[in-house]
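What follows is a single structure, written as structure tokens, with notes after it.
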Amino acid sequence: MLTLLKDIYYSFPLQLLLLSFKRHQFLLFFWVLLFAIIIGRIGAGIGTHSVLLDPEYLGNVGYLSFAVVGIGFGAMFITWNVVMYILHSHRFPFMASLQYPLGMFVLNNAIIPLVFLISYFITVVNFRIKYEYQGFWQIFFELLGFAAGFVLMILVTAVYFNFTNKNTGSIIDENKERIWKRKTMRKVRYNETLEPEQFNRVDYYLTNKFNIRHTRTVDHYDPLLHQLVFRRHHWNAFIAFVFSIVVLTCMGFFLENPFFQFPIAATGFLFLSLLMSMFGMFLYWTGGWGSMAVLVFMLFANYLTQFDVFGFQSRAYGLNYNLKKATYNLEAFRELSSDSAIARDKSYFLPILENWARKNTDPRKPFEKPKMYFVNVSGGGLRAAMYSMVTLQQCDSLAKGSLLDKTFLISGASGGMFATTYLRELFLQKKNGFPINLSEHQYAENVSKDVLNPIALSILSNDVLIPFHRFTLADKRYSVDRGYIFEKFYCQNTQFPFTKTIADYKADEYNAKIPLLIYHTTIMNDSRRYYISPHPVSFLMRPHGKKALDNKMEIDAIDFGAFFKKQASDSLLVTSAMRMNATFPFFFPNSALPSEPSTYVMDGGALDNFGVETTLRFLNSFGDWINKNTSGVVIIQIRDSEKFEEPKSSDQKTVFARITDPLGTVYTNMENMQDFLTDYRLDEMSEELRGKLQFVLFEYTTEKEEDKAAMSLHLTTRDKSDIMKSAKRPNNMAAFNKLKRLLAE
């Protein structure tokens, strides 16, 4: 028994497995991460599991999309083995005499990948049955596609190394002097730099015919020949690495071509391959200083990103960055929000209010005052976008196609604004005579189409490798990044005009042809917010009503249009305003705006995820007019989560939990804190409006918490089906009935 255990311990596969744990653990880290994602489903809340298990390519999920993922996984598998081979092959001198040294290394180093593949396949089967409602044969062909892509990558690599790599026997037959004098990679005298105990003892290895064979001694070969063999293999591996970098870089020139928009799972595998290759080469070239070299490289790369010449600064498309920058300080804020500026802007808005009232007043009943509707939508990725679209379509059907006519203002955050921006454009086209049925289900499908694939490709081949691509918009030059790619594909999915600016809606909003739509975005510098509208909105910048103490109160918001007027704020693209409003970390870049000092923006949901604050500030500014000219206000809130949830707590806490909970609580309870504050504000506003404020709440709910669609930029078939069903759940049916009664009043 002891002999058997000893033989197993000194087998090549087990020695390689132990080596993975002993040295360069970062190579193993990627595998551990993948295990955590797939088996533990860590990251399910943002859809990480779905992009691995539901890869979409060219608009479909099937054999081809899984084959592309298989190719990506094959690339990572080969890269991991090649890097390990370069770093550790000299520890196994017996390999130099094998016919296919690298092939034997890969075969014997397959324990971790094999366990991963088994767990991945099992998880795919469970996921496809549970979330995609697929049958056996469909799942079988999808996994067959993955296997085909993986095997194809292995075969291509095998052919390359078969024609380039040679073993010790082949080297003997060549002119050694000619080869030895050729410039190669770093020369390491393994027989001099390594002590005997640093070699890994191997007694058995697995052959390509899956036979177990005893290793043979190579003492009769000149050690320099082994060195030459391994150096030659390393050089061939380096050529393959450079070729892969060139291919990935060239893909950056085809970001808008659907053929190159690989599933994010495949792109992720390629990205991990790139990291492993880069770090592996650093470790190889720098020897014992490898870790320090990697750290220095990362610090240097991080330092370079601050310079705009490298294209890392994301832009708000349409703004002019070549003119003098706007001064970002308290003096400028106070000037924009002075009493006179607020009075002027409020006077500017009175004709808009009158136009809305005139449109919604029945000429046959001139003394009946209309109800004023406000729509607030929450953030939450594509699930919020689809849910908002579906709910608004049904609300509009209840209103017999007149909901957006009755609505004065739309506000919100992130995914919900994807839907309202699209729906309002459709409404405008309908007003302009186009044959559009706002209840068409295809619009909900359009706004929920996958946008993760092009974003992931942009991160890999453009934002990371070569961020020097440019495009021209109205004589202005901007860098291409994942923000640009998102905007382009949002427009492609929804047929939204990419070049449309916020000023293009100004006249139609002013004449109350369409509702106003105000975007807001969080300023990372100081947690203020920008309010983006083609109209002057200084009255949203600070308290100024009857209860305001004085004009020295804190200014927590900035009128974007007025502040960046000299930088062509009216030319800001609608899609850029929408994207800045939805700048969720990592998915979208934080845009730098032309101010001094520069201001960076992130998701507006960090301060107001439901758009209620915008509505309340507007109502506070025009409460007197609303009381006089309307029969009341109806706020329709559409949110991608439940407002009322049971408290969650745990009496048993670990030391780590006690350390991290204070920070984690702030993030996880962000929406609760916003709700607590706005509910008090809503109650006060109801008093101001003399009890004429009505609140209609729509919530995306599921029968089971685990069935809820992920907050992601990718939705599965089950996610979409569940979102559609949510509108018919009891809480939402009650909300529709309430809205129906209000519309009838």
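Values in this text are rule-based calculations from the coordinates and carry no lab data. This is a predicted model, so every value here is computed, not measured. Note that each Cβ is placed from the backbone with ideal geometry, even for glycine, and that neighbours are counted across all protein chains shown.
Across the cross-link table entries LYS488/LYS566; LYS346/LYS400; LYS513/LYS740; LYS324/LYS346; LYS708/LYS728, which are compared at the Cα atoms, the separations over 21 Å belong to LYS488/LYS566; LYS346/LYS400; LYS513/LYS740; LYS324/LYS346.
For the range 520-534, backbone phi angles converted through the Karplus equation (6.51, -1.76, 1.60; θ = phi - 60°) give residue-by-residue couplings of 9, 9, 7, 8, 5, 4, 8, 6, 6, 9, 9, 9, 10, 7, x Hz, Gly and Pro being listed as x.
Counting charges near MET372 (Lys, Arg +1; Asp, Glu -1) among other residues having Cβ under 11 Å from its Cβ returns a value of +4. Loop-resident chymotrypsin sites (Phe, Trp or Tyr not before Pro) (DSSP state other than H, G, I, E or B) in the range 58-133 with no more than 14 further Cβ atoms inside 10 Å of their Cβ: TYR133. Remark: the LEU206-ARG681 segment gains 163.9 nm on full extension, using 0.36 nm per residue and subtracting the alpha carbon distance.
Placing a label point 7 Å from the Cα of PHE297 along the Cα-to-Cβ direction, the residues of the range 52-90 with a backbone N closer than 15 Å are 80, 83-84, 86-87.
How far, in nm, would the chain grow between VAL156 and PHE121 when pulled straight, counting 0.36 nm per residue and subtracting the alpha carbon separation?
Taking VAL156 through PHE121 to full extension adds about 10.3 nm, to one decimal.
With the cut-off at under 11 Å, measuring from each backbone N in the range 696-723 to a point 7 Å along the Cα-to-Cβ line of TYR133 picks out 717-722. Couplings 3J(HN,Hα) of the range 619-632, computed from phi: 4, 5, 6, 10, x, 4, 5, 5, 4, 7, 10, 10, 8, x Hz, in residue order, whole Hz [Karplus 6.51 cos²θ - 1.76 cosθ + 1.60, θ = phi - 60°; x for Gly and Pro]. A straight line joining the Cα centroids of the range 385-463 and the range 581-604 runs 23 Å. In a DSSP loop and with at most 13 other Cβ atoms within 10 Å, the GluC sites (Glu not before Pro) in the range 403-461 are GLU440.
Averaged over residues, the count of other Cβ atoms within 10 Å places the peptides 527-536, 357-366 in the sequence 527-536, 357-366, highest first.
In the range 579-608, whose amide N lies under 12 Å from the spot 7 Å out along Cα-to-Cβ of MET673? List them in ranges. The answer is 606-608.
Counting Lys +1, Arg +1, Asp -1, Glu -1, what net charge surrounds SER65 among other residues with beta carbon under 14 Å of its beta carbon? Residues close to SER65 contribute a combined charge of -4.
Amide H to amide H, with H built 1.01 Å from N, LEU713 comes under 5 Å of LEU382, counting only residues 5 or more places away or on other chains.
Distances between placed amide hydrogens fall under 5 Å for LEU319 paired with LEU573, all partners being 5 or more residues away or on another chain. Using the Cβ atoms and a cut-off under 11 Å, what net charge is assigned to the surroundings of MET386, where Lys and Arg are +1 and Asp and Glu are -1? Here the count lands on -1. Couplings 3J(HN,Hα) of the range 61-75, computed from phi: 10, x, 4, 5, 5, 5, 5, 5, 5, x, 5, x, 5, x, 4 Hz, in residue order, whole Hz [Karplus 6.51 cos²θ - 1.76 cosθ + 1.60, θ = phi - 60°; x for Gly and Pro].
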